[in-house]
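Nothing in this text is a laboratory measurement; each read-out follows from the coordinates by a stated rule. Model, not experiment: these values are computed from the prediction. Every residue, glycine among them, receives a Cβ derived from its backbone with ideal geometry; neighbour counts consider all protein chains shown.
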Amino acid sequence: MPRRDLPSAQEAARILAAKRTRPQRRPPPPMGRALNKTLREFDARFGQGSGALEARWREVVGPEIAKRTEPVKLTKGRNGGPSSLDIRVAGPAAAIIQHQAHEILARVNLFLGAEAVQKLRIVQGPLQHKHERPAKAARRLPPLDAAAEAGLAQDLAAAPDGKLKAALLALGRGVLRQSRARAEGN
């Protein structure tokens, strides 16, 4: 084979200017955006999944049952077999929940679609309560009147000033407020 000489710089520039290059390949879209259309189709075709059930559990089964239970997993049956819903129940409430199983299944099937769940499996264990509502703030008791405050200060006049005296004053105020609230409540 004969040996070829390399082109000069001017010839290389002319060759490169005439040669067409391929456009740069675009990267694929992010996975979430690519799957959104498919997920919407599946959701419309097969109904809402266990994620929606977990997020709206309190609305689906009601506040009394939701206090004692939480959904764990939704299992589709193989070869057309019955699907089941596993729910976690706090210890001794399992017997009560077992008696309400038909009502729970009816409510879940109303939410997920007809005959979406045929069996309910109860698993005893501590609840995670991811979606628990915050507890109501305790009612604040009214402050002491001037006479009660003066009597408390007089009782603690002999105590030396400092953290101990401040703590005893706070304790005394709390005790007097509670005893006054109980007396007014009766």
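Right, Gln124: touching a strand residue (DSSP E or B) at 6+ places or on another chain (Cβ under 7 Å) and either surrounded by 11 or more Cβ atoms within 10 Å (Cβ to Cβ) or of a type in the set (A, V, I, L, M, F, W, C) (or both) or not? Judged against the criteria, Gln124 is a match.
Selection of region 60-100 for residues being charged (D, E, K, R), without any contact (Cβ under 8 Å) to a residue 24 or more places away in the chain and in a helix (DSSP H, G or I) yields Glu64, Lys67, Arg78.
Please verify whether Arg107 is under 19 Å from Val61 (Cα atoms), touching a Gly at 6+ places or on another chain (Cβ under 6 Å) and in contact (Cβ under 8 Å) with a residue 24 or more places away in the chain, treating the condition exactly as stated. In short, no. When the test is whether a residue is of a type in the set (A, V, I, L, M) and either assigned to a strand (DSSP E or B) or surrounded by fewer than 10 Cβ atoms within 10 Å (Cβ to Cβ) (or both), Leu39 does not pass it. Of all the listed residues (Pro27, Pro63), the sole one being exposed (fewer than 10 other Cβ atoms within 10 Å of the Cβ) and under 30 Å from Gln124 (Cα atoms) is Pro63.
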